[in-house]
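Comments concern the structure below.
The values are calculated or read from the model by the stated rules, or taken from the named source; none is laboratory data. A quick note: this is a predicted structure, and the numbers were derived from the prediction, not measured. Each accessible area value is taken on the protein alone, full model and side chains, heavy atoms only, with ligands, DNA and RNA left out. Shrake-Rupley method; radii C 1.70, N 1.55, O 1.52, S 1.80 Å.
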Amino acid sequence: MSGRRKFSETVKNIFLSIGKLLTYNITTIMFGALLLYMIITVVLYATSGHVTSYQVTVGPLTKNPVCTALAIRTEEVVTAEKSGYIEYYATEGMQVRQNGSVYSLSNEAQETATATLTEEQMEDVRSSASQFSYAYNSNHFYDTYSYKYQVRGTILQAVQDDRSASTETDQSVQDGSAEREEGTSDGETEGTDETQTVGDEENGNSESSEGNVITIGNQDVYTAPEAGIVMYSTDGYENKTADSLVEEDFDQMTYQNQNLIVNGEVQAGDSVYKLVTSENWTLMVPLTDQMAAALAGRESIQVKFVKDGESQNGSLTIVNIGSQKVAKIELVNGMTRYAGDRFLEVELVINTQSGLKIPVSSIVEKEFYTVPLDFLTLGDNGDTQGFLKEVKKGDTYSSEFVNVTIYKRVDADGNEITDSTQDTTGGLCYVDKDTLQAGDVLIKPDSGETYTVGDTDNLQGVYNINQGYAVFRQIEILDQNEEYCIVDQGTSYGLRAFDYIVRDGSSVNEEEILYSGSN
């Protein structure tokens, strides 16, 4: 009896254990499947080939060099002809005509004037402040003083405008008074005129002009000897030319800029302002031996000014100043924007060729069948390109349409056919060797002419891995150096910006599934 009871308990325990297993069956299967997937993934990753990818970018082959240029201009320093209290009429950087007012001298200090800037003048100050802040370089702190005097000149000009307007108003009042006195006799008029003239002379209100000086009241107003740009600073380079420079002139650490604006009295012979009289100017750019070699043979070059991003072209010659090779760039305009700058940061635009930039190591060659373009036709739906291939069935011959991918089309001269030359007759198309086989007979549409596949040619390209496997994309190289090359963006079945390609093209095979590493 006890044996039968033990057997029944054993069977009961077995069924209880099976029940427990069945209770957790779904959970066990899910975790088991996930564990198996992770194991397979790790094994595949460990046993598969890994490649380093590269993301295609757009731009020039190499960056253009940025250099510091020394500006040489036609400049004249103007000195005071006598001592006196000075008042400025022209602002820093202002263009004045010949005989235009620049400053005045008087025997006594002028009263301090309060000026209110108009909204237009305030906007000019805000704009210049924004430009100065954007281009500010702490290594050229002296530019801060130049800007200070520029703003001060704007305010002084506002004061002068207010005074001119006040003078015109007073003159209008005087003219009105004269008109009201027209009823007097001729004799009285003559006497009045004579008295008025004498009185004006005695009061010192006569106006006379001698050379470049105009006397108004107790002030002598000095005018510009010729048209130019007024600058209120000197630095010792005013009389230098491209031929008289020495190596030390390019040392910015010893450069000094002297401000000419004073508050008060100046002495005869003191420098008052500088006048830049010509739009023709020259940039002298020190070069390394490598840069000099890159510029050799050029007669012109494009210069981009870092200060404001403006560009212009100039004639180029390479000269030697001492042991230093220097690019002499002669310009015929644009000087006005940089009249206050002796040293300028400029970008020498050497690399003008732009396109898709890829590593040279990514380039591979692939062999293709070449087929005359005349044999190319469209499928039944009119959307796919391909060929009519001859097929033998028993003793009869028929044709079937073979859909193909055309990697490249060239005309009879070997030039790639573009949208503008797509109607060109003759030429060849490049077809993948996996699509056709050597010996296949192709039939020309609407003709009994045939062509036997067999001729081949190579195309340069790279392996695109956007989809996780290697796909050949053909390229047209525009320029290259030892590490990188620039390829055309418009090639058929080619690359696009931001595509991912294999950095080392020789390390993979086409259509191979790849695990990409970082760029």
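Assuming 0.36 nm per residue, please report the length gained on full extension of the stretch E365 to S278 beyond their Cα-Cα distance.
Values: separation 87, 0.36 × 87 = 31.32 nm, distance 5.75 nm.
Stretched fully, the E365-S278 segment lengthens by 25.6 nm.
Residues of the range 366-519: accessible area per residue at 1.4 Å, in Å²?
On the way: 8820 Å² over 154 residues.
That works out to 57 Å² per residue.
Kirkwood hydrodynamic radius, the range 209-357, all distinct C-alpha pairs: what's the number in Å?
Result for the range 209-357, one decimal place: 18.3 Å.
Taking the alpha-carbon set of the range 455-519, what are its Rg and Dmax in Å?
12.2, 40
A 25 angstrom limit on the alpha carbon distance is what I want to check against. Which of K304/K325; K274/K325; K63/K307; K63/K240; K408/K444; K63/K366 exceed it?
Working: K304/K325 20 Å; K274/K325 30 Å; K63/K307 18 Å; K63/K240 32 Å; K408/K444 19 Å; K63/K366 31 Å.
Over 25 Å apart, Cα to Cα: K274/K325; K63/K240; K63/K366.
Please compute the Kirkwood hydrodynamic radius over the range 236-320, one decimal place, Å, based on all pairs of different Cα atoms.
It is 16.5 Å.
If one computes the Cα centroid of the range 344-417 and of the range 51-74, what distance in Å separates the two points?
34 Å
Return the Rg/Rh ratio of the range 351-479 with Cα-based radii and a Kirkwood Rh. Write out the running numbers ahead of the final one.
Working: Rg = 16.9 Å, Rh = 16.5 Å.
We get a ratio of 1.02 for the range 351-479.
Find the Rg to Rh ratio for the range 337-410, where Rh is the Kirkwood radius over alpha-carbon pairs and Rg uses the same atoms.
Rounded to two decimals, Rg over Rh is 1.43.
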